[in-house]
Amino acid sequence: MENSTPCPKCGSPLSEVIETKSGKQLRRCTAGSWNAQTKMVDGCDYVLWITPEPKELDEKCPKCGSPLILMVTRFGKKMKKCSTNTWDPQTKTASGCDYVEFLGTKVEELDEDCPECGEKLLLKTVASGKQMKVCSTSKWDPKTKETSGCTYIEWQPN
Ligand SMILES: [Zn+2]
Ligand SMILES: [Zn+2]
Ligand SMILES: [Zn+2]
């Protein structure tokens, strides 16, 4: 990332790299500033999101044995994926090994019963910091892309 890149909208210099609470990195146009009262940007609202370079890990893919890489998506989600996996933006298809593992979801068991089925609830904290209560019987099957079990979900206000 070049430091001297000017704002493509207005030509002003961009700010230093700012890291948000959820770990996302961005640079704002210095001709704009956040107005907390109107909850709008005054001036230029250009934001350049920075996608960190993937890091090679000292871990092997459980599917094919190739090295894994650590990636951070522009939504701040961390994931490990197989280094043989490549995405072709032209054909919009992925090739290579499809192993991927999302990180950053914390799960705690709660001493609360699901109002729908009476089973225990779990408290999940996702990478963006949001919390939700889900039923412990709820399961996601990555193969069929379907959820099974109880679908109770309650987002926590933060
Ligand atoms: Zn600008
Ligand atoms: Zn693999
Ligand atoms: Zn339930």
Among 86, 103, 65, whose Cα projects farthest towards the positive end of the dipole of region 55-103, with charges put on the beta-carbon of Lys, Arg (+1) and Asp, Glu (-1)? 103
Using alpha carbons only: equivalent-ellipsoid semi-axes of region 55-103, gyration tensor based, whole Å: 17, 15, 8
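For region 1-57, which GluC sites (Glu not before Pro) pass both filters: DSSP loop (anything but H, G, I, E, B) and at most 16 other C-beta atoms within 10 Å? It would help to have the intermediate numbers written out before the result.
Details: sites: 2, 16, 19, 56; in loops: 2, 16.
Hits after loop and neighbour filter: 2, 16.
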Per-q log10 I(q)/I(0), the chain, q = 0.09, 0.15 Å⁻¹ (Debye; single scatterer per alpha-carbon; no solvent): -0.49, -1.05
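Going through the cross-link list 80/106; 63/139; 24/77, which pairs have a Cα-Cα distance over 18 Å in this structure? Show your work: numbers first, answer last.
On the way: 80/106 16 Å; 63/139 22 Å; 24/77 9 Å.
Checking Cα-Cα distances, 63/139 exceed 18 Å.
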Roughly how many debye, to the nearest 20, is the charge dipole of the chain about its Cα centre, given +1 on each Lys and Arg Cβ, -1 on each Asp and Glu Cβ, and no other charges? 420
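Could you work out the Rg to Rh ratio of region 106-155, with Rh taken as the Kirkwood radius (inverse of the mean 1/r over all Cα pairs)? The partial results should precede the final answer.
Details: Rg = 11.0 Å, Rh = 11.2 Å.
We get a ratio of 0.98 for region 106-155.
Every read-out reported here was derived from the displayed coordinates using simple, explicitly stated rules and does not represent laboratory data. Here the structure is a predicted model, which is why all the values come from computation and not from measurement. All Cβ positions, even for glycine, are placed from backbone atoms using ideal geometry, and neighbour counts span all protein chains on display.
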